[in-house]
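Just below is one structure, and these are the notes that go with it.
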Amino acid sequence: MNPNEIVCNSIYKDLFKIRSEFPVLHQKINGAPLIYLDNAATTQKPLSVINAIAEYYQCYNSNIHRGVHHLSQKATMAYEESRVKIARFINARHAHEIIFNKGSTDGINMMAYCFNKKYLKKGDVVLISAMEHHANIVPWQIFGQENGVELHAVPIDSSGELNMDAFRSMLDEKVKLVSITYVSNTLGTVNPIKEIIKMAHRQQIPVLLDAAQAIAHTAIDVQELDVDFMVFSGHKMYGPTGIGVLYSKETWLEQMPPHQGGGDMIKEVSFERTTYNRLPYKFEAGTPAISSAIGLGAAVDYLGTIGMHEIAAYEHELTGHLMTSLTEIEELRLIGTAKDHAGAASFVISGHHNSDIGELLNQQGIAVRTGHHCTQPLMKIFNIKGTVRASLALYNTHEEIEDFISGLKNAISILKS
Amino acid sequence: MTINQRQDELIVRFSKMENWLEKYKCIIQMGKELPAMDAGYRKDANLIWSCQAMVWVHSEEKDGRLFIRADSDAFITKGLIALVLYVLSGQPVTEIAASSLYFIDEINLKEHLTPNKSNGILAMINGIQTLASEGRLVAASCTI
């Protein structure tokens, strides 16, 4: 960005304030100011989230739903308010379409169990893409193996974009579910989700969207997308760890069996049989992560005060800056150059090991991720063992990108010397 | 020199270095100078650590002493390997088995010994000590 350019995006004006709200960012690592570029792994938490969790434990810690006393009622109210906030955030039709769980992985595992149990039989196909995280591969193998359900992966091209012709041709009558990522955690590719959903729906095939890497970067309207299921994690959207969401259209949730039995999910239990509670409780057995759910509600509030469209526009500029700067490094090969790109930039440095690069960046206070990023099949496609991945959040700055590039050049020159 | 004398020597050498850059340059240089293992030894049976960086170890016992060769595909890991081999290789088997490698902590490379660190130095040290005490190679890996 040209520093003389007049900027209208409010994040530029508020960046100092925004950064001041994230205590973790203000420290030195190995003597250098921390530059945190591992946001695709987890984002940092603003004070409002940290305070919401602390306030729950300090003021009204109690178990929810069953207590008649004041604290329990207050905790229940906060927990359920959080569900309403999240429903509004993604524009779900009903709050009971929001199922709290541990995170995206938990959500896909739940889907793999419930959907498989209710709808899938031998020879049926779950269609994924070649860029999926292991969390959208392994659960289907675990639960699908039991009844012979097959997993097929739509190929990608050399830039990391989904091959839509292949997708079209693979959408045959055997496909009973499309389960696909919105944004690739390794490549940063943004998949054409609207088109994918429309194509699948034309053949009455439901779609499960892994929005783990999209939820903090773009506004998502589940009704507009008409997506059937969607998972995301709290900790990748400035909320706490241990909490996530499965969104599902009400009709599917009514039909699918629960995946876990226990407290809160029942209507009536006898030794002979059990009837299940109404939605969403049918899918929330046991005491949930109450403080984390409340913290996630605070994270959604926080994102709301800044605005998802503002965030998307700001991060789009940051990502462009990052990608352009990376291409200027001679020995660097970008892994993932899709036209529609968000969040993460992955690369390898010719002749040098990713972990050496990561370690020398760490010595300069720069946090990136190195490795296969839980996408081993994708690494095989690119014929590499892993990448260095820099991933952005709304609190990152253009100056940090400059410092990262200079740190990266420094690391390469140290290794070459 | 004994294991501890070698460790002390390294501690003195590293204590003279002023900053991380000098230290890492030295480690990387040691890694580059450590002869690569013959391709025949870079086999799965010698793979003591498999993660982002791989570590292969081959050892031979002669007159009660353990002579160790090791290699990695990452320079920094290979440099750390060179340090460990300088301290341990050629030492009596019994002393290797009972050794405590305090030099890594002393030269401020302790973070390389955390179990989640992907470069495998901890696994390599444990592996060499298991080799010395039990005569068998135990492989480890990570999931990063």
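The values are calculated or read from the model by the stated rules, or taken from the named source; none is laboratory data. Nothing here was measured: the structure is a model prediction, and the numbers come from that model. With ideal geometry, Cβ positions are generated from the backbone for all residues, glycine too; neighbour counts draw on all protein chains shown. When the accessible area is computed, the model is the full protein with side chains, heavy atoms only, and any ligands, DNA or RNA have been set aside. Shrake-Rupley method; radii C 1.70, N 1.55, O 1.52, S 1.80 Å.
Values for this structure:
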item: On Cα atoms only, tilt of A:104-119 relative to the major axis of chain A in degrees; result: 40
item: Charge tally in the Cβ shell below 12 Å around residue A:181, where Lys, Arg are +1 and Asp, Glu are -1, residue A:181 excluded; result: -2
item: Full-stretch length increase - residue A:157, residue A:324 - with 0.36 nm per residue and alpha-carbon distance subtracted; result: 58.0 nm
item: Two-site label geometry, residue B:94 and residue A:399: point separation in nm, points 7 Å out along Cα→Cβ; result: 6.2
item: Accessible area (Å², per residue) of region A:50-305, counting only protein heavy atoms and a probe of 1.4 Å; result: 42
item: Inter-centroid distance (Cα atoms) of region A:16-56 relative to region A:293-340, Å; result: 16
item: Estimated 222 nm signal from helices in chain A, with DSSP H stretches of n ≥ 4 weighted -39500 (n - 2.57), rounded to 500; result: -12000 deg cm²/dmol
item: Residue B:56 accessible area, 1.4 Å probe, all protein chains in place, Å² to nearest 10; result: 20
item: List of region B:16-47 residues, accessible area with partners at least 10 Å² below that of the chain alone (1.4 Å probe); result: B:20, B:21, B:24, B:25, B:28, B:29, B:32
item: Threshold 50 Å² - residues in region A:347-385 whose accessible area is reduced by that much or more when the chain is no longer isolated, probe 1.4 Å; result: A:353, A:356, A:359, A:363, A:385
item: For region B:44-81 and region A:202-252, distance of Cα centres in Å; result: 45
item: Size of electric dipole in the protein assembly as shown: Cβ of Lys, Arg +1 and of Asp, Glu -1, about Cα centre, debye, nearest 20; result: 800
item: Carbon plus sulfur fraction of accessible area for region A:50-305, probe 1.4 Å, in percent; result: 50
item: Solvent exposure of region B:1-114 as accessible area per residue, Å², 1.4 Å probe; result: 48
item: Buried accessible area, chains B and A (both chains, 1.4 Å probe, Å² to nearest 100); result: 1700
item: Carbon + sulfur, % of accessible area of region B:3-134 - ligands and nucleic acids excluded, 1.4 Å; result: 48
item: Point-charge dipole on Cβ atoms (K/R +1, D/E -1) for region A:50-305, about Cα centre, debye to 20; result: 500
item: Sites residue A:69 and residue A:13 - FRET efficiency at Förster radius 45 Å, r taken between beta-carbons, to 0.05; result: 0.45
item: Magnitude of the charge dipole, region B:3-134, Cβ model with Lys/Arg +1 and Asp/Glu -1, debye to 20; result: 280
item: Charge dipole (region A:50-305, unit charges on Cβ, about Cα centre) - positive-most of A:291, A:75, A:303; result: A:75
